[in-house]
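Report on the following structure.
Quick note: the coordinates plus some simple rules give every number you see, no bench work behind them. This structure is a prediction, so every number in the text was calculated from the model and none was measured. Here the Cβ positions follow ideal geometry from the backbone for every residue, glycine too, while neighbour counts run over all protein chains shown.
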């Protein structure tokens, strides 16, 4: 696929299974190899020790930005800082998508931010529908809102069938983060 064929489609990776961020990173890796410029904005994450943050420093044509805090967000009872950081992240995402600097923009965990009501899904969906440039947009995270899946061109749901955490194996560096 040449850059001329980039149609600016909307992709969603969602579901309760492992692999949503990983799938988007695989796409970023592939696209970077073809000379595409990729930007990943990670919502609700702030950790320089994540493998993708370290690798991004060495991957040409790939920029990764985190907009969140180090602590986990209590999805049932978010704090005011969580709303503020999500809104700042959304403003950053809009400017990146409209900048023309990137062929692909990945909004990692934005689905969770919308599900927790940190961002309004109808506003995000309206912006994505109105965006007229060729920037491909990938939205990841559990709980993809219906407003988003309705406008997406591709929706993949990762299903959790079996996971090591259920037998007490915690998240592993280099595999899970």
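Can you tell me which residue is surrounded by the fewest Cβ atoms within 10 Å (Cβ to Cβ) among those in the range 12-36 that are closer than 20 Å to residue 127 by Cβ and touching a helix residue (DSSP H, G or I) at 6+ places or on another chain (Cβ under 8 Å)?
Among them, the one singled out is 14.
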Legend entry - Condition broken by residue 165, with the remaining ones in (1) surrounded by fewer than 16 Cβ atoms within 10 Å (Cβ to Cβ); (2) under 16 Å from the mean Cα position of the chain (by Cα); (3) more than 15 Å from residue 9 (Cβ to Cβ) satisfied: (2)
Legend entry - Spans of helices (runs of 4 or more DSSP H) in the range 37-151 with at least 3 residues touching a strand residue (DSSP E or B) at 6+ places or on another chain (Cβ under 7 Å) and surrounded by 22 or more Cβ atoms within 10 Å (Cβ to Cβ): 80-99, 110-115
Inset, instruction - Could you list, in sequence order, all residues of the range 71-82 that are within 17 Å of the chain's Cα centre (by Cα) and free of Cβ contacts under 8 Å to residues at least 40 places away in the same chain? - result: 72, 82
Inset, instruction - State whether the residues of the range 153-160 include one that is over 17 Å from residue 41 (Cα atoms), in contact (Cβ under 8 Å) with a residue 12 or more places away in the chain, under 15 Å from the mean Cα position of the chain (by Cα) and part of a helix (DSSP H, G or I). - result: no
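Conditions (1) in contact (Cβ under 8 Å) with a residue 60 or more places away in the chain; (2) closer than 20 Å to residue 146 by Cα, marked per residue:
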| residue | (1), (2) |
| --- | --- |
| 16 | yes, yes |
| 22 | no, no |
| 44 | yes, no |
| 65 | no, no |
| 68 | no, no |
| 94 | no, no |
| 101 | yes, no |
| 104 | yes, no |
| 109 | yes, yes |
Inset, instruction - Take the range 161-177 and flag every residue that is within 23 Å of residue 75 (Cβ to Cβ) and in a helix (DSSP H, G or I). - result: 164, 165, 166
